[in-house]
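Asks: Handing you a structure now.
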Amino acid sequence: MADSTINSAGSTFTSLGVGSGLDLEGLLSKLVAVERAPITAMQKQVSSYNTKISSLGTLSSTVSALQSAAKALKPDILLPSALHKFASNSGSVANEEIASVVVGPGAKMGSFELAVQQLASAQKSVSNAIASGATFSGKFTISFPNDTDNTRKIEIDLEAGSSLEALATRINQKNGGVTAAVIKVSDTDSRLVLTGQEGEKNAFKMDGSGLSGGSITFNAQHHSEAKDAKFSLDGISITSSSNTITGVLKDVTLTLKKPTATGEKTSLDIKEEHAEKLKSSLTEFVDAFNNAVAMIQNLGAYDPETKVAAPLQGNRVLRETQGMLSSLIFSFNPLEEDAMRLADLGISIAKENGRLELDSTKLAAAIASDPEAIARFVGEVGTKFDKELEKVVGLEGSIKNNTESLRANITNLDKRQEVLEQRLVAIEARYRKQFSALDTLMAKMSRTSSYLAQQIASLPKASAST
């Protein structure tokens, strides 16, 4: 704010230059702007550093994606061979009406003859007619005589006046392997239906002798027994308490659907395939490599027409990363004739932009020729890339170190700006005080000049000589 200046008449000048008529306020602004020039330069430098930090983050994200793709190529030390990394198992049943199959990564290749003699079934028991509105009290027990767990039992204690629906609810609340439902046949006839789980060990017996107020008996004609599944693989007889069978073949889940006709068999095939996963993993790696190369080129570009440089043009980390990628690729194209090269996998380097191109047909032929050798070589590529890229994007990598250095520079510049801002306040106050004094002096001189002019004008004029 401009200092006020008081003239001899007692009026106040609210802005510099009012008393003198000079543009002192404008002059002061220009002087302050000159003094602010170092601060403005620092602000531009801070903005430049922030842009570089953001660009380094973009570079880190792109290179990290390449590192992830490289890790997907590395061999797993827990697997017996490099090829197992890319194993993709599949299973099929020739007659899908008989059974279906799901295989896991640990399944072993093989072909089996499957015959199904009997499906597993669950026991279902239906009570005789029970008068609608009947009530019960006392104990109702369900036991499992075929189960080796002698403690397995469902015991229900009914309070006096409990309905048939209350008994069904209490059975279901036990979650003991038997579910209960009430069917209302007519206004005077209800039935209790008990359903167990598949397998002979889940066969159950009901005991309602402990009930009073009414009796519950079960009709043998409306009774289906619990049975085990019976089937054979290559003539070996196997039983199962469930139609969903696990553990017979490693990492294979077989679901039985229908018995085969007498003497009939169907084939169960487990296959192990590597080509598709090898191809997809290499494709992802090539795409990630090309994305990294393109991003490096964009971040380090310079447009000679507009004379505009990209944020990381000339940046040391960017140059080193670009050189590292080029060196890594060429390291897998040795001059030795008997050494495997990326070209053997159908991977070539485009001369115009340094990006990779993948020939799917050549890759498929290489995998079919010697899948184990291809898997080992691919694992070497992944291992080497992962190790070298860690130097760029790791916790101690060059991107992190460069970013921290830029942030330290920003912190230092912020502190220097704060000092200069405080100094600028003092400088502006000093200039304003000096200009205010000048304004007052010039105003006084102007008034003195006006006074003298008035005095001179009032002097008697000399008479003209005759």
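The values are calculated or read from the model by the stated rules, or taken from the named source; none is laboratory data. Bear in mind that the values here come from a model prediction, so they are computed numbers and not experimental data. Note: ideal-geometry Cβ built from the backbone for every residue, glycine included; neighbour counts use all protein chains shown.
Asks: Count, please, the residues in segment 233-262 that happen to be assigned to a loop (DSSP other than H, G, I, E, B) and over 11 Å from GLN117 (Cβ atoms).
Replies: Residues that pass the stated criteria total 12.
Asks: SER47: surrounded by 14 or more Cβ atoms within 10 Å (Cβ to Cβ), farther than 30 Å from ALA368 by Cβ and of a type in the set (Gly, Ala, Ser), yes or no?
Replies: In short, no.
Asks: Counting just the residues of segment 80-110 that are small (Gly, Ala, Ser) and buried (at least 20 other Cβ atoms within 10 Å of the Cβ), which one comes out nearest to the chain's Cα centre (by Cα)?
Replies: ALA82
Asks: Within segment 184-238, track down each residue that is in contact with a Lys or Arg (Cβ under 8 Å, 6 or more places away or on another chain), loosely packed, with under 13 Cβ neighbours inside 10 Å and at pLDDT below 90.
Replies: Result: HIS223, single match.
Asks: Out of the residues in segment 8-44 that are part of a helix (DSSP H, G or I) and modelled with pLDDT under 70, state the one that is surrounded by the fewest Cβ atoms within 10 Å (Cβ to Cβ).
Replies: Among them, the one singled out is LEU28.
Asks: Ok, one more. From ALA437, ALA368, which residue is in a helix (DSSP H, G or I), free of Cβ contacts under 8 Å to residues at least 12 places away in the same chain and aliphatic (A, V, I, L, M)?
Replies: ALA437
Asks: Among LYS279, LYS230, LYS271, which is among the charged types (D, E, K, R) and not in a strand (DSSP E or B)?
Replies: LYS279
Asks: Report, by residue number, each residue of segment 160-182 that is modelled with pLDDT of 95 or more and part of a strand (DSSP E or B).
Replies: Listed by number, the residues that qualify are THR179, ALA180, ALA181, VAL182.
Asks: Shifting gears a bit: Select from segment 307-362 the residues that are outside any loop (DSSP other than H, G, I, E, B) and among the polar types (S, T, N, Q) and write down the one among them that is surrounded by the most Cβ atoms within 10 Å (Cβ to Cβ). First the steps, then the outcome.
Replies: First pass over segment 307-362, keeping only residues outside any loop (DSSP other than H, G, I, E, B): 308-309, 316-331, 342-345, 347-349, 356-358, 360-362.
Now restrict to residues that are among the polar types (S, T, N, Q): 321-322, 326-327, 331, 348, 360-361.
On the way: THR321: 30, GLN322: 17, SER326: 13, SER327: 10, SER331: 12, SER348: 16, SER360: 11, THR361: 8.
It comes out as THR321.
Asks: Also, I was wondering about something else. Return a yes/no flag: does segment 111-134 have any residue that is among the aromatic types (Phe, Trp, Tyr), buried (at least 17 other Cβ atoms within 10 Å of the Cβ) and under 45 Å from the mean Cα position of the chain (by Cα).
Replies: Yes, segment 111-134 contains a residue that is among the aromatic types (Phe, Trp, Tyr), buried (at least 17 other Cβ atoms within 10 Å of the Cβ) and under 45 Å from the mean Cα position of the chain (by Cα).
Asks: Could you list, in sequence order, the residues of segment 262-290 that are free of Cβ contacts under 8 Å to residues at least 24 places away in the same chain and either among the charged types (D, E, K, R) or not assigned by TED's automatic domain parsing to the domain that holds LYS384 (or both)?
Replies: Result: THR262, GLY263.
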